1. For the range 11-23, what does the Karplus curve 6.51 cos²θ - 1.76 cosθ + 1.60, with θ = phi - 60°, yield as ³J(HN,Hα) per residue in whole Hz, taken in order and with x for Gly and Pro?
2. Using 7 Å Cα-to-Cβ label points, what is the H91/D55 separation (nm, one decimal)?
3. What is the distance, in nm, between label points placed 7 Å from the Cα along the Cα-to-Cβ direction at V153 and at E77?
4. Which far-off residues, 5 or more places away or on another chain, put their amide H under 5 Å from the one on V86, with H placed in the peptide plane?
5. What base-10 log of the normalised intensity I(q)/I(0) is obtained for the range 132-191 from the Debye formula, alpha carbons as equal point scatterers, at q = 0.23 Å⁻¹?
6. Could you tell me which of the pairs K35/K167; K59/K125; K59/K160 are separated by over 31 angstrom between their Cα atoms in the structure shown?
7. Under a 5 Å amide H to amide H cut-off, with H placed in plane at 1.01 Å, what residues pair with M178 once short-range neighbours are removed?
8. So for the chain: antiparallel DSSP bridges make up what percent, rounded to the nearest 5?
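None of the figures in this text is laboratory data; all of them are computed from the coordinates on show. Since this is a predicted model, take the numbers as computed values, not measurements. Quick reminder, even Gly has a Cβ in these numbers, built from the backbone with ideal geometry, and neighbours come from all protein chains shown.
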Amino acid sequence: MNEDLEIRFLGQSGFLLKTPNYAVLIDPRDKTAGKHDGDILYCTHYHSDHTGGVDVFLKRNPDALFICNEQVADRYEQWQDQIRTVEDGEHLTEGDLHFIFTKMRHGLFSGVENYGVEIQFDTFKFGHCGDAKEFGAFAGRALDVLAVPISGVFAASPTKVYDTLEKFDPFPSVIVPMHWLVRRPGSFCKNFHKRFPAQRCVIPEDGEILPI
């Protein structure tokens, strides 16, 4: 793993990635999650549990870049000067970070545009699925860390996650369950290890830096 990269879990689907030169906030669920200093904000889709900290973050960081799809941008026109919209399959480089955006079907709401993201720093790759029901597009990406939703209904179920991961080659170095709602992440990782005994499943506490 890259010692110059820090990944902090912020609850629900939120993460804060820090390199020596950049900080990227992903899917801040509420105002507390938005109270961080950073250079880039990315929201996978427009639902409030993924955008609740947008206003707080952008007020705190007036020079930050807000990356999102058109559906999200339409709901945040007041920040249009900071918004950079992206499309499915697009690549974007900002400083020492490279982003790849991939449309992934939302679990319950078919009309919601949900874009998973792969963030590359040096040789390190972090994948985030948003509320994806299907995330097989990440297979073959050689991800170091993959954050996957496990709630079911609104996103992939645990069984769906396991079945999809069977197709991954190479397998991600670390799997991080997120967006678990009523699910128990401990049970998810226990059953994960039954299916993949040689692989790592990490359950972070809110605010904790991932032990990767």
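1. With the stated coefficients, the range 11-23 comes to x, 6, 10, x, 9, 10, 9, 10, 10, x, 10, 9, 10 Hz.
2. With each label point 7 Å from Cα toward Cβ, the separation is 3.8 nm.
3. 3.3 nm
4. Amide H to amide H, under 5 Å and 5 or more residues apart or across chains, V86 pairs with C68, N69, E70.
5. -0.90
6. Where the Cα-Cα span goes over 31 Å, the pairs concerned are K35/K167; K59/K160.
7. When sequence neighbours closer than 5 places are left aside, the close amide H contacts are V148, I150.
8. Working: 27 of 46 bridges.
Here the antiparallel bridges make up roughly 60 percent for the chain.
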